[in-house]
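Enquirer: If you scroll down you'll find the structure; I have some questions about it.
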Amino acid sequence: MCNGHIRDHRGSILSLAKYDERLFSLWIGWDSESDVVPGQFVTIRFPDRMDPLLGRPLAIAESEPGRIRLLFRVVGRLTAELSSLPDGTALSVRGPIGRGFPMESGRKRILVAGTTGFAAVLAAYRKTPPELVGDVILGVPDGSWETFAKAMRDEIPALRIFSQDGSFGETGTALDGLPVVLPVDTDVWACGPRGMLAALARKHPDRKRDIWVSMEHRMACGMGGCLGCSISTRDGMKRVCVDGPVFRAEEVEWNESRSEA
């Protein structure tokens, strides 16, 4: 599940789709022959300049030979620029990076996402045999996410959507879509804000070994060198970028106070 040597690749924008003013889908062509594991990510930079200096980490939502798809929200300068670039624009793409989901487990899986954590969940859905897919759940805060959420349902018709303010879909959080008792021989794979993942671990304290979480965290180098994305685990500090981003819920010390993305 881990990548060995992390490389920088030449990439270029193939297509950019806009859901609304802040949410986008981006297909990138790149010269990598690596097999992408759902849950892995890349960092994106502009190859012709050093500003912004640090690459932006983005989860891989789909992968095909010679191209990958990213889902992103505009949160800073780099993603703002990325949202308005024409097809053919050159990019520097580092990756794939990190430990992904246990795709070969053979166990049925419920897929759960909060907001743009849906990228990792979509990647897992695409590469999971249909007979192993349980519920697929997306949770969002409010009506401002409706266009994005409905677009994701167009891609996964069985997707269950929850909005916290009840403006569309079912009312509640993504975790409200989970059964009170998880079925035997079923895992939960989740990606979203840390608070959501911590609540998931608390909801099923006796099944934390069967819960796999893709952690979101601020990153600097994205290669494990700076230790800036370290989190507390039962085995000491681990780096989200290369030791994760996917961990068993039982590994993570959920009461730590370090900040996350």
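Enquirer: Among Leu227, Leu182, Ile156, which residue has its Cα furthest toward the positive end of the charge dipole of the stretch 156-238, with +1 on Lys/Arg Cβ and -1 on Asp/Glu Cβ?
Expert: Leu227
Enquirer: While we're on this one: Counting only DSSP beta bridges with both residues in the stretch 99-238, tell me the antiparallel percent, nearest 5.
Expert: In the stretch 99-238, DSSP labels about 10 percent of beta bridges as antiparallel.
Enquirer: Round to a whole angstrom and tell me the spacing of the C-alpha centers of the stretch 80-129 and the stretch 1-69.
Expert: 9
Enquirer: Further question: Stokes-Einstein D for the stretch 107-261 at 37 °C, 0.692 mPa s, Kirkwood Rh over Cα pairs, in µm²/s?
Expert: Reported coefficient: 206 µm²/s.
Enquirer: Report the semi-axes of the equivalent ellipsoid for the chain in whole Å, largest first, where each axis is √(5λ) for an eigenvalue λ of the Cα gyration tensor.
Expert: 27, 22, 17
Enquirer: Just want to confirm a number: the relative contact order over the stretch 1-123, from Cα pairs under 8 angstrom separated by 6+ residues, in percent.
Expert: Answer for the stretch 1-123 is 37 percent.
Enquirer: Still on this structure, please answer the following. Could you give the accessible area per residue of the stretch 106-261, probe 1.4 Å, as a whole number in Å²?
Expert: 42
Enquirer: Further question: Suppose every Lys and Arg Cβ carries +1 and every Asp and Glu Cβ carries -1, with no other charges. What dipole size does the chain come out with about its Cα centre, to the nearest 20 debye?
Expert: Using only the charged Cβ atoms, the result is roughly 420 debye.
Enquirer: I'd like the orientation of helix 146-155 relative to the chain: the angle between its Cα long axis and the longest Cα principal axis, in ° from 0 to 90, rounded to 10.
Expert: The angle comes out near 90 degrees.
Enquirer: Compute the angle between helix 194-203 and the longest alpha-carbon principal axis of the chain, please, reported from 0 to 90 degrees and rounded to the nearest 10.
Expert: The angle comes out at about 20 degrees.
Enquirer: Cross-link candidates for Lys238: which aspartates and glutamates have Cα within less than 16 Å, leaving aside residues fewer than 8 places away along the same chain?
Expert: Correct list for Lys238: Glu216, Glu250, Glu251, Glu253, Glu256, Glu260.
Enquirer: Any chance you could run the full-extension gain for Asp35 through Glu170? It's 0.36 nm times the residue separation minus the Cα-Cα distance, nm to one decimal.
Expert: Length gained, Asp35 through Glu170: 45.0 nm.
Enquirer: Also, I was wondering about something else. Report, ordered by chain and residue number, the lysines lying within cross-link reach of Lys208, taken as a straight Cα distance under 16 Å and ignoring same-chain residues fewer than 8 apart.
Expert: Counting by Cα, and skipping residues close in sequence, Lys208 has these lysines nearby: Lys108.
The values are calculated or read from the model by the stated rules, or taken from the named source; none is laboratory data. Treat the numbers as computed from the prediction; the structure is a model and nothing was measured. Ideal geometry is used to build each Cβ from the backbone, glycine not excepted, and the neighbour counts take in all protein chains shown. These area figures cover heavy atoms from the full protein model, side chains too; ligands, DNA and RNA do not enter into them. Shrake-Rupley method; radii C 1.70, N 1.55, O 1.52, S 1.80 Å.
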